[in-house]
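Okay, so here's the structure we're looking at.
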Amino acid sequence: MFQPSHVACSPESALSFQRSGVLRPETSPWRWVLPGPVPAVLLMAVLLSLAGCGRQKDASPKSDSETASTSESPEVSDELNSFDKDLADLNLSEPETVVEFDVAALEAAALTHVARLSDRIVSGSAPVGSVAFTALAAAGIRTIVSVDAARTDVEGARAAGIRYVHIPFGYDGISEQAQLALTHVVRDTEGLIYIHCHHGRHRGPAAAAIACRVEGSVDEQGAVAILESAGTSPDYAGLWRDVRGFQVPGPEVELPELVESAEVPSLAGWMAEIDRRIDELNLIEAAGWASPENHPDLVPVQSALLLQEGFSEARRSLPPDADEKLRQLMEDADASICLDLFNAIREGNREAATSSYAVLKKSCTECHAEFRN
């Protein structure tokens, strides 16, 4: 769970009166507890009684002249006005509905890496099935934002009374258009916002960090702390770069229209992405598994990691009736071969990197021969 110390939020700004008699700041670890349930009406009665005692030094009947004199006293009038103001400032009226944000309940609904980052912003993994959507609704979520490439379950969200917004982006960074769309969500929606990617560790927290910047709950340092707390891999350099470099758009900036389900890359689109990463790794291999002199922008570890994510997304985009052998080849490339290549490059083991890369290219050739050519 994200540590509140990372978020610029004062305890005084988040106090809320609850039926249990507990006063607590919603995004702070501190609590103030009254001794047991105390109804608002009882508190008001006690305060009125105490105020009356403070003003009434003599309870004996007064003469008409004394009563008139007292009623005309400006000091007493000022005291009454001051007391009325103090009583109003206490805001003892109970809210009609109090929603407890229960992270454990969301985790029980198979939502992982759930973190409440501010009064409005929550991040976590993708909701799957009616149980997850029901749990989010019960937690007070009004809007779900997906930054994943997978299609959104709009109907599932609607059934739970939640609005879905789709702002997909990749692991290589957050486009300006996506940043503006996130700004639009924060400014033009009400209530809690749940932001997710697939697993809830990389793209989702990055988007949530930008949302927190837009609402003003964190500064640049606080946004970076969100990524650190979420365990966002430093190898996704584009995500860290764009979170650090984000500038809150001014009110004059035109914001894009929000959609429930955006167009996402097809299998062919993901294969094109994989081809681009293969081209990068060919140059990196030729440079001895280092950044090529003529392409210093290519980072070996990052290219290998983005290649793995490309295979992962390509596998997820396969149609339900896809050939099982094709599905298995994709899974092997994602979970085994690409992972071996990534680890070898990160450890500086050039021989192992060359070996893993050869296995990958052989697998691609066999797959193309059977399913593409």
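For this structure, a couple of remarks:
- Take the conditions (1) in a loop (DSSP other than H, G, I, E, B); (2) surrounded by 19 or more Cβ atoms within 10 Å (Cβ to Cβ); (3) modelled with pLDDT under 95; Asp297 misses just one of them, which is (2).
Condition check ((1) touching a Phe, Trp or Tyr at 6+ places or on another chain (Cβ under 6 Å); (2) under 18 Å from Gly204 (Cα atoms); (3) aliphatic (A, V, I, L, M); (4) modelled with pLDDT of 90 or more) across all residues:
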position: Ser69; (1), (2), (3), (4): no, no, no, no
position: Pro74; (1), (2), (3), (4): no, no, no, no
position: Phe83; (1), (2), (3), (4): no, no, no, no
position: Leu90; (1), (2), (3), (4): no, no, yes, no
position: Thr97; (1), (2), (3), (4): no, no, no, no
position: Val103; (1), (2), (3), (4): no, yes, yes, no
position: Ser130; (1), (2), (3), (4): no, no, no, yes
position: Arg142; (1), (2), (3), (4): no, yes, no, yes
position: Glu155; (1), (2), (3), (4): no, no, no, yes
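- Taken together, Gly238, Gly231 contain a single residue that is within 24 Å of Cys338 (Cβ to Cβ), surrounded by 16 or more Cβ atoms within 10 Å (Cβ to Cβ) and out of contact with any helix residue (DSSP H, G or I) (no Cβ under 7 Å at 6 or more places or on another chain), which is Gly238.
- Of all residues making up segment 241-254, the number that are of a type in the set (A, V, I, L, M) and surrounded by fewer than 17 Cβ atoms within 10 Å (Cβ to Cβ): 2
- When segment 164-197 is filtered for residues that are under 13 Å from Ile144 (Cα atoms), in contact (Cβ under 8 Å) with a residue 60 or more places away in the chain and surrounded by fewer than 20 Cβ atoms within 10 Å (Cβ to Cβ), only Gly191 remains.
- Criterion: farther than 15 Å from Asp148 by Cα and over 30 Å from the mean Cα position of the chain (by Cα) - qualifying residue of Ala286, Ala304, Ala272: Ala286
- Restricting segment 272-294 to residues that are touching a residue at least 12 places away in the same chain (Cβ under 8 Å) and not in a helix (DSSP H, G or I), the residue that is surrounded by the fewest Cβ atoms within 10 Å (Cβ to Cβ): Gly288
- For the condition under 26 Å from Ser303 (Cβ atoms) and part of a helix (DSSP H, G or I), Gly222 does not qualify.
- Any chance Ser65 is modelled with pLDDT under 95, of a type in the set (Ser, Thr, Tyr) and either assigned by TED's automatic domain parsing to the domain that holds Ala237 or in a loop (DSSP other than H, G, I, E, B) (or both): no
The values are calculated or read from the model by the stated rules, or taken from the named source; none is laboratory data. Because the structure is predicted, anything quoted here is derived from the model rather than measured. Virtual Cβ from ideal backbone geometry, glycine too; neighbours counted across all protein chains shown.
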